[in-house]
Each structure stands twice: as structure tokens, then as C-alpha cells.
Amino acid sequence: MLGHPRIGPRRELKRALEGYWASRSTEAELREVARSLRAGTWRELAAAGLDSVPGNTFSYYDQVLDTAATFGAVPRRFAELGLGPLDTYFAMARGVESTPPLEMTKWFDTNYHYLVPEIGPGTTFSLADRTAVEDYREAAADGVGTRPVVVGPLTFLLLSKSAEDAPKSFRPLDKLDELVQRYAELLTELHDAGAGWVQLDEPAFAADRTPEELELLRGAYRTLSQLDRRPDILVATYFGDPGDALPTLASTDVEGIAVDLVSNASTVDSLARVDGLRSKTLVSGLVDGRNVWRTDLDAALGTAAALLEVAGEVAVSTSCSLLHVPYDVDAEANLDPHVRPWLAFAKQKAAEVVTLGRALREGRDSVADELAAARNAVQDRRSSERLRDNRVRGRLDALSADSYRRSPYDARRAAQRRTLDLPPLPTTTIGSFPQTPDVRKARAALRNGSIDQAAYDQRMLEEISRVIALQEALGLDVLVHGEPERNDMVQYFAEHLDGFVSTENGWVQSYGSRCVRPPILFGDVSRPEPITTRWAERAQRLTEKPVKGMLTGPITILAWSFVRDDQPLGETAAQVALAIRDEVRDLEAAGIRVIQVDEPALRELLPLRAEQHEDYLDWAVGSFRLATSGVADRTQVHTHLCYSEFGEVIDAIVALDADVTSIEAARSRMEVLDDLNAVGFGRGVGPGVYDIHSPRVPSTEEIEGLLAAALRSVPAERLWVNPDCGLKTRGYAEVEPALRSMVEAAARMRADL
Ligand code: GLN
Ligand code: ZN
């Protein structure tokens, strides 16, 4: 397998890290937890019977940051802090008071976030940190020979950004030759320590790459494969079809290439056309490393057998690192018993890899029982009545073009003006208010049974009335109920929809010590009963001002869940959209005049290859429109996106056809508004006017300045005033004065219109 989770089966690393950061424990204690997690992983993988155990899969924070540390790519502002190696590393990850951290961004199209290295002409690479070698030695001392895994040089530089002081013409890739020399040193040290193989990850080649980048790939691996003292080299591509990178790598002397055969069905066929694989080990990623379904082992074996014709040697693996799935299905005590046998988490996936390997080498009979069990589970899932809901399918079949369309915007705008009667530059927030310790305590108490549902609901209602009263007092124009009842914007909906199950321990690392527990979408999705209306209705009863109903959109629900793999994602999206459409209509019927459907993940699910964009955006936009077009003209639909560099999705944002779109903008100033103008976006827009990520309270003048900038691009009748998203993560001590400044700034600007 290509990699393993590292946060710990019980999130031990999370607790150890947070304890260390809060000075509740020492570095030695943290290192001890790390050491025992590593030992546990090796023990488990060796016991599972893997022929080749991945090494160096542990990380205190992030594997890209590890690579930066390995090669000494530490920007001066961190080096100058004069901290020890581990604290310098954490300073890069989290910042310290005087120094902001590295930027963090999504790891390809997953929900994992990595830290973006900063590389400039002055970056001097050196083999500064030998963790990969020490990890190898430590495993060897534990009796396990590992295959150290390191992010490859091309992917590392392609994911890096130019240091702030670098000249405009500089690109991190300019430093490739120098970096490859340091990789060469690392490989030699690994060889001398006894490593037989090393794995260099190059997922960047699952995305579109230029001919020049492919030539650089060829050159780098030629250099590395010509070293005298080195382990055998496995280059791992994953998250999609490696395309031209495959023949490129095959033309070098690397011994192995790993290919993801799950994410793209046609990759298998393209392998047959690649020269040079006959002399290589092809590591076939047949077990899905990103999803939780049990593998169809018969089908996987069929594929592997066909590959024997193509490659010198065929090994079996997961499609990518198992970082993206939870540890162990058996850790779930309360899983739906129908769904449980269909699932495989990291531990089960390791067993699948071993079974496939044995079947290939020793024949199917050697693992007949395992294959039969897998066949049964796959059959059971395929034929399960739980997957199909004919009512949902009938509804989808009955949809027409009108189901995706509202009246022209001008007609809607006129109708909304009449019912809403808002001032120019209306003020609002993105939805959540601070989740106080009280709210969290109530949720924990409900979970452990010390209060009942009625008592819990009562606490939530009290919280909602507090939040409404506060917004009234502050003078906001469109209020929210504050979302106290929601643990998470996706999990909450998944818990209330049919077709999903939730886990108790299915944690997956999102970044650093942060984990998420994605719900599992296994079957046709429907909404048994209204989810949010009773809260919205109660909130609306407390005020004359419009209260905005708050929902999560279909794309985001999919993006942050494990989704079924037995039908196209677009079909699943349409089902989720129908459920949200029902909710939108019920909110309208309950007297809610403004409804926001959040889609922060619209850009995140964008396929890595441009040729797939159109198809994706087509169904993604369609699902949002299906969810939101079932209401009257007078009902105002908002959407919210957590970013403002729209890039390739900018036309899609227009196509969503929301009446008002709020976006994150405070940190990027108001430039995004011009981008929107350029594509003719003539709707309401609410660029965030203060950065929620910082505890700083913005002044009225500062916000006025941003609004004045915004008004240079957007006419007053289309401009909304709201903060960036994330009030939930802050305390009232900051939120209250910040919103006060915001409302005051809007009032002053209005007076000048
Ligand atoms: N309505 C959500 C909130 O304010 C939106 C969260 C998000 O943008 N990710 O919490
Ligand atoms: Zn957001």
C-alpha cells in the first residue's frame, strides 16, 4: 500500500500534539507517543502480511512540510526564531505570535490540506533533516523492513510557491537540479541504511502538465536512477490517470511505477500502450485508497491478470495513501449492520491488498475463503434493497428543464424588493455564531444521555433567542439563527437524510491535529422529514426582520462525505439536490423569505484534468439549481463560497443563478469583484469585509475603506455587507464589537449614497 493514516486509531497524535502546543506536555512525551504510533503501524502492517511495508508515513503535521524540513527549505523568518528543530517545524505549520505560518491549501482534490513551501532563488537545499533515514532504522530495529515514502521532487516544487522576495520571473521549478542533488544524497543514505526500495510520490502528474514539466520529470528520474548507491525507486502517481507522465517515467531507469487504477477506469487500457513497462514493476492501485468500500476482488484480479501481459512484474497496492480513510471498521460499535459488511477502512484494505497479492502469486485457491467472503459482500451490496429508493428515482425521472430554472433575475429582484424591504447595503452574516462551551456541553450531554432531546432542544432555542436578540441590538438587516444545533455543516444534514450512515471513530486527518468524520453515503438519498424548518421558524417568530434559512448544498455534502461508487457522482448529486430542494420549499412554506445554500466545495471537487471540467461543472451547477429553483420569485436565494479566487469556476458561479453570493474577500481586498464584473455577474454580492481568521477587531474606518473599494466595482443596489465565514470558530468578545463596526460602517456609507 502507498501510505497509512498517522493520527492514531484513537486520535492519539491529535491529543499529544495539542497537549504539547498548550505546554501541558514535553517534547519527549510527544516524541514517545509518535514513536509508539509508528511502532503500532509497522507491527500491524507486518502482521497483515504485506510484502512491502511503507515507511516514513508518520508525520507530526504534514508530509509536504516534512519534505521541506528534510531538504532545509525553511524560510528565513522561521529560521531566525532560533527555535529547536521541532518547534521551528511547528512554527512553519502554525505560526508564532510574530510570524505567520506557511499558507495551507488542499492536497489535490482531497479534503486533506498541506502546507505550501516557499522557495526563492536564495533557498539553499541541504539534507537538513534525516527523519526518513531514522524512521527506516527504527522500523528495522523493530524487525520490519520498510520502503520509505517521500514526496517526489517535481511534486514538491510544483506545490511550492515563490518566496515573497523572489523576482517575478522565478519559479520554484528553477531549483529542480539543485534539489535533485539533495534527493540523491538522501537516496544514498537510505541505501546505506539498508533500504531496498524508496517510494517517491508524484501525484502532481495526475493533473495537466506542460511538455517542459514532463521533460523535467524525465531528467530528474534519469539522474536519480543513475546513482550507484541507491535503493530501487518506485515512483507513485495517484489521484488520476498519469497520462504522458507514464511513458516519460517508463523511459527512465526507475524500477517501479505505481498507478491509480481506481480513479479512472480507462487508465488500464492506456497502460497497454506504454513502451518500457516490461522492464518495470507495475504497482497496480486496485484497492481504493480514498473511499471506504470493500473491493470487488474478482474484478481487481481480472485487471491484475491483464496487466501481467503489459509489465515485467505486477504488484498490488492501494490506489493512493490510506491517509484519506479511517483506521478500522471493527472500531465501530454501532454501525448499521446492513452496511458494515460493505465497508473497508485502512486495516481491512491492507488485508485486501495481501489477499490480492497472494491470489496473483499462489493462485486463487490459496485465498479461496477470502475471495468468497469478498464476493458475498460485494454481491450483497449490489443487490441490496437499501440502495434503491424507487420513489427518489421516479422523482428524478420526472424532472424537466423547468425543474432547474427560476424566473429571470429582474422579475425575482422586483418581487424580493417588495417582500423584503431592505435598505441599500444590507448587512448580514454567513450563518453560524460562536459555538459556546455551553452549546458544546449540551451536545455532549445529549450524546451521553445525561439530558434528553427535549432538554437539548430547549437549550438550543435559548441560544437562538440570544443570537437573534444580539443581531437585533446590533442592527443587522438579515438575521440568522446561528446554527447552534449543528455539529458540522455536512454531518448534521447527513444525520437527517436517508441513504447515509455516520461513524463514531471514522476520523480522517484534515490538517495537522484537525480531523473530520465524513459521513458515508451508501444509497439513494431522501429526506424523511423537514430538518431545519422548526429552528428557522422559531427564530423568525422572534423578529420582524427576515431570518435567513441556512442549508448546505449538494456539492458540498458530496465533497465532504464518502460517496457511493456504484453510480456516477452526478446522479448522486441530483438525489441530494432533491432532498435539499424539499427543505428549501419547506422553509419557504414556513415563512422564511431568504434562504442560503452554502457551496464552499464547488471548486474543490473540480477534476484535476481540464478535459473533465465541463462535465463536472454541468452536473454540479445543475444540482445547485435543482436544489434552489423550487421557490417563488419573492424568495431570495443566497449562496456562500469560502474563497474568492474563482479561477476556472467563475462562469459556474454566474450559472448558479443565486440572487446573492457571499464570498471570502477580506484578505484579498475587493479584487474579486472586478473578476465577477468581467464575466457579467449582475447579481447581489457580499464580499467579506473583515477577516474572521484573525482575533483582531476591525475598526469602522477600515471596513468603510473596504466598502468604498467595493463600491468602485459594484453598484450600491447590488452590494451586501457581511464578514467572511467562520464566526463559529470565534468568541463573542471579538464577534460583537467586530459586527458593531461592520453595521456602523454600512450605516455611514449608506448616508453618503
Ligand atoms: N453557514 C456556514 C457557517 O457560517 C458556512 C460555513 C462555511 O462557509 N464553510 O458556519
Ligand atoms: Zn465559508
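Observations, loosely collected:
- At most 16 other Cβ within 10 Å, DSSP loop - trypsin sites (Lys or Arg not before Pro), segment 621-688: R634, R667, R669
- Across K161/K349; K14/K175; K14/K349; K14/K728; K106/K280, pairs whose alpha-carbon gap is larger than 27 Å: K161/K349; K14/K175; K106/K280
- With the helix formula -39500 (n - 2.57) applied to DSSP H stretches of n ≥ 4, the chain reaches a computed 222 nm mean residue ellipticity of -13000 deg cm²/dmol.
- In segment 470-559, the GluC sites (Glu not before Pro) that fall in loop regions by DSSP, at most 15 other Cβ within 10 Å: E504, E544
- Electrostatic dipole magnitude of segment 346-392 [Cβ: Lys, Arg +1; Asp, Glu -1; Cα centre; debye, to 20]: 240
- Taken as Cα centroids, segment 420-448 and segment 233-306 sit 47 Å apart, rounded to the nearest whole angstrom.
- Fully extended contour minus Cα-Cα distance, from S279 to Q567, at 0.36 nm per residue: 100.0 nm
- Residues S713, S23, sorted so that the one with the fewest Cβ neighbours within 10 Å comes first: S23, S713
- Each Cα pair under 8 Å and six or more residues apart adds its sequence gap; the mean of these over the residue count of segment 399-482 is a relative contact order of 40 percent.
- Charge dipole (Cα centre; +1 on Lys/Arg Cβ, -1 on Asp/Glu Cβ; no other charges) of the chain amounts to roughly 1480 debye.
- Additional length obtainable on full extension of the chain from A411 to E12, 0.36 nm per residue less Cα span: 138.0 nm
- Comparing P54, A16, A34 along the charge dipole axis of segment 7-58, the residue lying farthest to the positive side is A16, per the Cβ-charge model.
- Counting DSSP beta bridges with both ends in the chain, the antiparallel % (nearest 5): 20
- Summing Cβ point charges (Lys, Arg +1; Asp, Glu -1) relative to the Cα centre of segment 1-139 gives a dipole of roughly 280 debye.
- With a Förster radius of 45 Å applied to the beta-carbon distance between D208 and R393, the computed FRET efficiency rounds to 0.80.
- Counting neighbouring Cβ atoms within 10 Å and putting the fewest first, the residues L154, L606 line up as L606, L154.
- Fully extended contour minus Cα-Cα distance, from E309 to A590, at 0.36 nm per residue: 94.8 nm
- Förster-model FRET efficiency, 41 Å R0, R740 and D336, C-beta, rounded to 0.05: 0.30
- Efficiency of FRET from Cβ geometry, E504 and A708, R₀ 60 Å, rounded to 0.05: 0.75
Any read-out appearing in this document is the output of simple, stated calculations on the displayed coordinates, not a laboratory observation. Please read all numbers here as calculations on a predicted model, not as lab measurements. In this analysis, Cβ positions are derived from the backbone assuming ideal geometry, glycine residues included, and neighbour counts consider all displayed protein chains.
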